[in-house]
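> Pasting in a structure now, in structure tokens, and then I'll have a few things to ask.
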Amino acid sequence: CFSKENNMKFVILVVYVDDINLIGTPIELKRAIDYLKNDFEMKDLGRTKLCLGLQMEHLTNGNFVHQSAFTEKVLKRFYMDGAHPLSTPMIVRSLEVSKDRLDSIRDEEPFGPKLSYLSAIGALMYLVNATRPDITFSLNLSARHSSSPTQRHWYKVKHIL
């Protein structure tokens, strides 16, 4: 990340491997692009539409950043793309366990493919870090059971999905 500021004009140049994103005031943007084109062979692809899995839409009243494509990919990967959407990522009081149910919970069989549980947690964690802070609490509760998830824990992850 490189930046230049000069009398209320600025340009920020963000480089990732072979991609460059420029942010700044129109005058400084033009100067930076012209300077780079003189020394390097490059194409101006216009406004950024996708960067590190984040989709960007440039609207008249601002920018909209989302991960719709990644979310769809995650849902398909765990066969949840046909599921009905729910309004909350967690059932209220789903963590409370009655005393008579506690013994049956201790005897629960572990969830079969632990790897898919961990993969689902990891994929959702990526969404949390970028665009979905609303599922953080319920996801963190589910991640606590990563070492020995049961079918009950998998249902909670599916609820988040």
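The values are calculated or read from the model by the stated rules, or taken from the named source; none is laboratory data. What you are looking at is a predicted structure, and each value in this text was computed from that prediction instead of being measured. Using ideal geometry, Cβ is built from the backbone for each residue, glycine included, and neighbour counts are taken over all protein chains shown. Remember, those area values only see protein heavy atoms, side chains included, never the ligands or the DNA or RNA. Shrake-Rupley method; radii C 1.70, N 1.55, O 1.52, S 1.80 Å.
> What pairs come out if I take residues in the range 26-53 that are among the polar types (S, T, N, Q) and pair them with residues that are part of a strand (DSSP E or B) whose C-beta lies under 7 Å away, six or more apart or interchain?
Note: pairs meeting the criteria are 48/21; 48/56.
> Could I ask something else about it? Restricting attention to the range 50-61, which residues are farther than 24 Å from residue 32 by Cα and either among the charged types (D, E, K, R) or over 24 Å from the mean Cα position of the chain (by Cα) (or both)?
Result: 60, single match.
> Follow-up question, since we're still on this one. Looking only at the range 129-141, decide whether some residue is over 16 Å from residue 87 (Cα atoms), buried (at least 18 other Cβ atoms within 10 Å of the Cβ) and without any contact (Cβ under 8 Å) to a residue 60 or more places away in the chain.
To start, the set of residues in the range 129-141 that are over 16 Å from residue 87 (Cα atoms) comprises 129-131, 140-141.
Now narrow it down to the ones that are buried (at least 18 other Cβ atoms within 10 Å of the Cβ): none.
No: zero hits.
> Just to verify a result, which residue in the range 50-75, among those that are assigned to a loop (DSSP other than H, G, I, E, B) and on the phi > 0 side of the Ramachandran plot, is most open to solvent (accessible area, probe 1.4 Å)?
Filtering the range 50-75 for residues assigned to a loop (DSSP other than H, G, I, E, B) gives 52-53, 60-61, 67.
Still in the running and on the phi > 0 side of the Ramachandran plot: 52-53.
Values: 52: 100, 53: 34 Å².
The extreme case among them is 52.
> Any idea which residue in the range 76-96 is surrounded by the fewest Cβ atoms within 10 Å (Cβ to Cβ), counting only those that are more than 18 Å from the chain's Cα centre (by Cα) and of a type in the set (A, V, I, L, M, F, W, C)?
So, considering only residues that are more than 18 Å from the chain's Cα centre (by Cα) and of a type in the set (A, V, I, L, M, F, W, C), the one surrounded by the fewest Cβ atoms within 10 Å (Cβ to Cβ) is 92.
> Next up: Give just the number: which of (1) at pLDDT below 90; (2) within 30 Å of residue 138 (Cα to Cα); (3) open to solvent by less than 70 Å² (accessible area, probe 1.4 Å); (4) of a type outside the set (A, V, I, L, M, F, W, C) does residue 99 not satisfy?
(3)
> Looking only at the range 1-49, count how many residues are open to solvent by 100 Å² or more (accessible area, probe 1.4 Å) and under 29 Å from the mean Cα position of the chain (by Cα).
Selection size over the range 1-49: 9.
> Hey, another quick one. I need a count of the residues in the range 138-160 that are touching a helix residue (DSSP H, G or I) at 6+ places or on another chain (Cβ under 7 Å) and among the small types (Gly, Ala, Ser). If you could, list the steps in order and put the result at the bottom.
Taking the range 138-160 and keeping what is touching a helix residue (DSSP H, G or I) at 6+ places or on another chain (Cβ under 7 Å), we get 138-139, 142-143, 145-146, 149, 153-154, 156-157, 160.
Remaining after also requiring among the small types (Gly, Ala, Ser): 138, 142-143, 146.
Residues meeting the conditions: 4.
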